[in-house]
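Asks: For reference, the structure I am asking about is given below.
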Amino acid sequence: MEQYIIKGGNPLVGEVEIAGAKNAALGILAAAIMTDETVTIDNLPDVNDINVLLEAIEGIGASVQKLDRHTVRINGSTIQNLSIDYDYIKKIRASYYLLGALLGKYKKAEVALPGGCNIGSRPIDQHLKGFRALGADVEIEHGSIMAEAEHLRGNHLYFDVVSVGATINVMMAAALAEGTTILENVAKEPHVVDVANFLNSMGANIKGAGTDVIRIKGVSRLHKSSYSIIPDQIEAGTFMFAAAATHGDVTVMNVIPKHLEATTAKLVEIGCEVEEFDDAVRVIAKKRLGHTQIKTLPYPGFPTDMQPQMGVLLSLSRGTSTITESIFENRFKYLDELKRMGALSKVEGNSATIEGVEGFSGARVSAPDLRAGAALCIAGLAAEGITIVDDIVYIQRGYERFEEKLRSLGGLIERVESEKDIQKFTLKVS
Ligand code: UD1
């Protein structure tokens, strides 16, 4: 089993390039099969989640051609199988985007029902409510969602909760429905907008993505397109927090600063210097930072996917901070791991109270999920001594060349597989 080994204490300094947004790419790849013409997608992050979804797409008969590490050409004209099995859903929940994509295109789809995951129970009732509103029969049988419609017809739908997944899934199906669909109380995340822009580049007629209401005029077919995915705001934020936690000076390149506003505002509030450029953000943290209150909210609020990275930073900051997690019910597991490094926190319900400590001491910890795993690496980079992070397979799902990028900023981090590798690293850094 691979692990990260980290020798903390070096401030991260330099420039780092951010990859394409994983969560936008997941929606866009699913949407790419909705035309029988060829689609080329660029700025794709080279991470495990994306590669698994590409396998699922190939598995139903579409042609998938990787042109280089970040570019793929997809042709959905050869799809024969409208069913996505449990193996894919188990590895990557977002395979459920193929439900909206296949239902829109073929008016029929079967996708294994995703279970809960490490951060919460994650129901998908709003996705199903949306497909039903478009006129599909949706049943759950033998662990699978079966959706089928004679015709999909536009409708007016109000989502009960703001959901990124439901917004994207239902928007895809509605793009090829008859008539107009109005979706209210939708998610406004940049990746929702990116999927809408991609669908529009294929000939869909979607307006209002990025606001609370999306209006979709169904079209009868979609056509070829070439599209470049937006930068990953969560990867960008992760490096911004890594700079802050190590008292470093990092310029995060290839970003859209507007997408990072909630993160930037909190960093400034606790005492970081943040400079914004057209497509870069520089974070400088010269001194120990201060405390604050955080509440995770749908975009443009503070993202739940940045909550663990913020928790690590606040654990090292002066005073008492509180974090309220209002999106997922089980996203504080990393605080227990962090206690092994000397952090002080108490979790009650969906709130955590954090008492800042002067520093962490390196320890062996385990990544509970993708973002929490990245956060623990940040903790290791800021800690005194050696930290070993287990279960890094989670981190590899969503961060491209994570350790290489951190190394390029002066971080002492390596991916190791054996006791011998660990000894080699320890000797090298001692
Ligand atoms: C997406 C992101 C994930 C991020 C999350 C919130 C992807 C692949 N994943 O996840 O990284 O943490 O947005 O920004 O883009 N809910 C329901 N019923 C539904 C759907 C959702 O009750 O049918 C609830 C969820 O349990 C959660 C909240 O709505 O409490 C938001 O979830 P949602 O926005 O759907 O998250 P995902 O799309 O799964």
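The values are calculated or read from the model by the stated rules, or taken from the named source; none is laboratory data. Note that this is a predicted model, so its numbers are computed, not measured. A quick note on method: Cβ atoms are made from the backbone with ideal geometry, for glycine too, and the neighbour counts reach across all protein chains shown. Side chains are part of the model used for accessible areas, which takes the heavy atoms of the whole protein and leaves out ligands, DNA and RNA. Shrake-Rupley method; radii C 1.70, N 1.55, O 1.52, S 1.80 Å.
Asks: Before I look further, what does the chain give for accessible area per residue, probe 1.4 Å, in whole square angstrom?
Replies: Numbers: 16860 Å² over 430 residues.
That works out to 39 Å² for each residue.
Asks: Kindly identify the stretch 22-228 as rounded, prolate or oblate by the Cα gyration tensor criterion: order the square roots of the eigenvalues as a ≥ b ≥ c, call it rounded if a/c is under 1.5, otherwise compare a/b with b/c, prolate if a/b is larger, else oblate. Mind showing how you got there, number by number?
Replies: On the way: a/c = 1.30, a/b = 1.13, b/c = 1.15.
Taking the square roots of the gyration eigenvalues as a ≥ b ≥ c, the stretch 22-228 is rounded.
Asks: Report the extension gain between ASP87 and ASP160 in nm, rounded to one decimal, defined as 0.36 nm multiplied by the number of residues separating them, less their alpha carbon distance. Please report the intermediate quantities before stating the final value.
Replies: Details: separation 73, 0.36 × 73 = 26.28 nm, distance 2.96 nm.
Separation in residues times 0.36 nm, less the Cα-Cα distance, equals 23.3 nm.
Asks: Turning to a different aspect of this structure: If r is the Cβ-Cβ distance from ASP212 to GLN293 and R0 is 30 Å, what FRET efficiency results, to the nearest 0.05? Intermediate results must be reported in sequence, preceding the final value.
Replies: Details: r = 25 Å, r/R0 = 0.84.
Using R0 = 30 Å, I get an efficiency of 0.75.
Asks: Sorted by average packing, counted as other Cβ atoms within 10 angstrom per residue and highest first, what order do 415-423, 344-352 take?
Replies: Numbers: 415-423: 12.9, 344-352: 14.9.
Ranked from most to least packed, the peptides come out as 344-352, 415-423.
Asks: Please label the shape of the stretch 283-343 as rounded, prolate or oblate, based on the square roots a ≥ b ≥ c of the eigenvalues of the alpha-carbon gyration tensor (a/c under 1.5 means rounded; beyond that, a/b larger than b/c means prolate, else oblate). If you can, show how the numbers build up before the last one.
Replies: Numbers: a/c = 2.02, a/b = 1.23, b/c = 1.65.
Verdict is oblate for the stretch 283-343.
Asks: To continue, here is another question. Sort the following peptides by mean Cβ neighbour count (other Cβ atoms within 10 Å, averaged over residues), highest first: 200-209, 239-248.
Replies: Values: 200-209: 18.6, 239-248: 27.0.
Packing proxy ranking, top to bottom: 239-248, 200-209.
Asks: Through the Karplus equation 6.51 cos²θ - 1.76 cosθ + 1.60, θ set to phi - 60°, convert the phi angles of the stretch 62-74 into ³J(HN,Hα) values in whole Hz; use x for Gly and Pro.
Replies: Result, ordered by residue: 6, 8, 10, 10, 7, 7, 7, 4, 10, 10, 9, 10, 10 Hz.
Asks: Could you order the peptides 148-157, 3-12 from most to least packed, using the average number of other C-beta atoms within 10 Å per residue? Please report the intermediate quantities before stating the final value.
Replies: Details: 148-157: 16.7, 3-12: 22.1.
So the order, starting with the most tightly packed, is 3-12, 148-157.
Asks: Another one. Please report, as a whole percent, how much of the solvent-accessible surface of the chain comes from carbon and sulfur atoms (probe radius 1.4 Å).
Replies: 48
Asks: Output wanted: per-residue J couplings in Hz (rounded whole) for the stretch 316-331, from phi through Karplus 6.51 cos²θ - 1.76 cosθ + 1.60, θ = phi - 60°, x for Gly and Pro.
Replies: For the stretch 316-331, the Karplus-derived couplings read 9, 9, 6, x, 9, 10, 10, 10, 10, 9, 9, 9, 10, 7, 10, 10 Hz, x marking Gly and Pro.
Asks: Additional query: Okay, helix-only estimate at 222 nm for the chain: each DSSP H run of n ≥ 4 adds -39500 (n - 2.57), divide by all residues, round to 500 deg cm²/dmol; what do you get?
Replies: Details: 15 runs with 145 residues, N = 430.
Rounded to the nearest 500, the figure is -10000 deg cm²/dmol.
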